[in-house]
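In what follows, a single structure is set out as structure tokens and then discussed.
The values are calculated or read from the model by the stated rules, or taken from the named source; none is laboratory data. Bear in mind the structure is a predicted one, so any value in this text is a computation, not a measurement. Glycine gets a Cβ as well: all are built from the backbone with ideal geometry, and neighbour counts include every protein chain shown. Please note that ligands, DNA and RNA were not included when accessible areas were found on the heavy atoms of the full protein model with its side chains. Shrake-Rupley method; radii C 1.70, N 1.55, O 1.52, S 1.80 Å.
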Amino acid sequence: SIPQVLLIFAKEDSQSDGFWWACERAGYRCSIARTPESALECFLDKQHEIIVIDARHPRYFDAEAVCRSIRATKPSEHTVILAVAPQIQPGQEESSVLPLLNAGFNRRFFENNSTSACYNELIQLEHGEVCSLFKLRACNSMFTALEHCQEAVEITSEDHIIQYVNPAFERMMGYCKGELIGKELTVLPKSDKNRTDLLDAINMCIKKGKEWQGMYYARRKSGDSIQQHVKITPVMGQGGKIRHFVSIKRLCSDNNKQVYKIHRDEKYCGENSQTESLSSRHKDRRKESIDVKSITSRSSDAPSLQNRRYSSVARIHSMTIEAPITKVINIINAAQENSPVTVAEALDRVLEILRTTELYSPQLGSKDDDPHTSDLVGGLMTDGLRKPSGNDVFSKNMTQIQSHLVIPATPNDIPPQIAQLLNNEEMWDFNILDLEAATNKQPLTYLGLKIFARFGVCEFLNCTEATLKSWLQVIEANYHASNSYHNSTHAADVLHATSYFLQKERVKGSLDQLDEVAALIAATVHDVDHPGRTNSFLCNAGSELAVLYNDMAVLESHHAALAFQLTTRDRQCNVFINMERTQYRTLRQAIIDMVLATEMTKHFEHVNKFVNSINKPMAAIEETSSNSEGCDCECPASIKNSPENRLLIKRMLIKCADVANPCRPLELCIEWAGRISEEYFAQTDEEKRKGLPVVMPVFDRNTCSIPKSQISFIDYFITNMFDAWD
């Protein structure tokens, strides 16, 4: 569970900002209250795990009184409350912490507005007091689960004295809890159906701290022997000593009807008739649900089982409009009802994950949370940190797009030096930087003409080479040559990688010509008019583009929209003008989808969908075909050629092309790493100059290690994606 934090500060200052940004960095949900009344109301609504109260300024409110008012509520027993105390002045004696502890505070934090100091304090609280409180809070839920689970559970001490049995155990064995608690297992009757050495073998195993599971005959109170599937797990305490044994017992299917028939005729010890009636109804409902496999294999029982299984989630299933994820959750809910406790608990965790909003983005644990990685993730995978502040800047930071088109010259033969360089453009090691120098920073037009000709783009679009050249020149003119990284050379580099991937047999076998043309055009325009700043920067600065696109995929939306605006604005460069309407709409949608796929907030969603929809099914089919003769070898092609999977392939293709720099020869990789770092340095400089949040603090030109930042990028974003693509 992710901790929730409540900050109680009368006024916003650097200390409250420090805790706010620390919460953002740690991934905690954070709320701010300005008055004691609003703080109490907010706490009762959300029941935060951590509360930070400003105890530096008694003129605003009495921090100890606020703490006492919160401690007077029931939910606060599971909350850690931190007092922010004034800094100790030189020569001043440290005051006693007892008044704070007596008021209900757990810890004292001396004023320090460093985000790292606040972050470290919160992380220590999470792994210390908060973790312990989470465990305590879970105890009631754990016992509720034990009381209601289907498996019989028995807990004994290390000396095999029974300390707990659940109702399922009572029903299975015919005993009352009072007849068992405090008794040694050895005094209970044993079945004579077990091997004579079985008990010794079990004891020898579990005394070594190992888990034992297998079939075992037990004797019920009535004297009948029943066969059980038993799992006994030793529970270790301090020093590695065994403190308890937990036994989970499930009836073998052959015993189900017999046991429950007997059980319906028995009475629980000391229970009145009303309780018997209730428990009888409860027993009937579970009568045939102990062994799911044994029931589902009998088709005659299936309809009635289905009715019972779904009754508890009837309201969910009665929904007339269901999203796919809702159907998945409903299926899991239904499966839980007849699952063993261990499976049910695992399914609970599955449901918890499915109900989150970020299904594909991994959570950085503290052990992996190095500054380079966390800053890259924060800078590339968020759309800005939108904490309201009086220092927000609302200004247009984008360079104005050109209001006029570049008039192309008449197509001439390509100069010999450039033509010679382009002879190698089909090779992965092609040096785009040499082409940049030879073309006076206009590599996109020359490379585009060569690649588009090779793929027959003009023929497909039914346009002339002059129109194509005009279009390439217009697009290239709207890249910012002043950007060290996001310029037309980067676009040409991505176009080159895209064309290289399109030549690969597996890709060629999956895509048609429209897909290829869409990919080449998307690669060409994917960063047009890029300002050299990230989406987070634009959102924090309140730029016109961020406002226009509602802080969502700001740059990618702008690139796609501007590309079509520039193309259709003038007939001289409108490469789509002769296309049939339906085909144009299909092509346009494919281009937009691929450009939007380059947005990093969806990175893990695209990669995981590709792996689960393409990599894994193809690997399974290929493994099956290698193990069996006469297998349909067309299956992998059918997987790749479905419309949904072709979409995933195109997205993955442009994503890999967009960030392929680390896969290039080392000298190119190093140059590109330096260029992107320079853009990030310039952004950090501007953020500091304008008082904006610094989204990637590690990219400070005075302290940053470019190799470390590049390695973090490779480890976090590149390796798995290219493994999947390869």
Checklist entry - Mean projection of the alpha-carbon convex hull of region 39-94 over all orientations, in nm²? => result 4.5
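Taking a probe of 1.4 Å, how large is the accessible area per residue of region 185-250, in Å²?
Values: 3990 Å² over 66 residues.
Each residue of region 185-250 exposes 60 Å² on average to a 1.4 Å probe.
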Checklist entry - Using θ = phi - 60° and the Karplus curve 6.51 cos²θ - 1.76 cosθ + 1.60, what whole-Hz ³J(HN,Hα) does each residue of region 536-545 get, with Gly and Pro shown as x? => result 4, 4, 4, 5, 5, 7, x, 5, 4, 5
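Which net charge results for the neighbourhood of Pro234, defined as the other residues with beta-carbon distances under 15 angstrom from its beta-carbon, given Lys and Arg at +1 and Asp and Glu at -1?
Working: positive: Lys207, Lys208, Lys210, Lys231, Lys241, Arg243; negative: Glu154, Glu158, Asp159, Glu211.
Overall, the nearby charge balance is +2.
Can you give the local net charge around Val525? Use residues other than it whose beta-carbon is closer than 12 angstrom to its beta-carbon, Lys and Arg +1, Asp and Glu -1. Don't skip to the end; give the middle numbers.
Working: positive: Arg588; negative: Glu476, Asp527, Asp529, Glu556.
Charge balance near Val525 sits at -3.
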Next on the checklist: Below 14 angstrom from the Cβ of Leu82, what's the summed charge of the other residues (Lys, Arg +1; Asp, Glu -1)?
Outcome noted: -3
Item to check | Shape call, region 570-626: gyration tensor on alpha carbons, a/c limit 1.5 | outcome: oblate
Next on the checklist: Using all alpha carbons of region 4-119, what is the percent of pairwise distances in each 10 Å bin, ordered from the shortest bin to the longest?
Outcome noted: 14, 50, 32, 4, 0
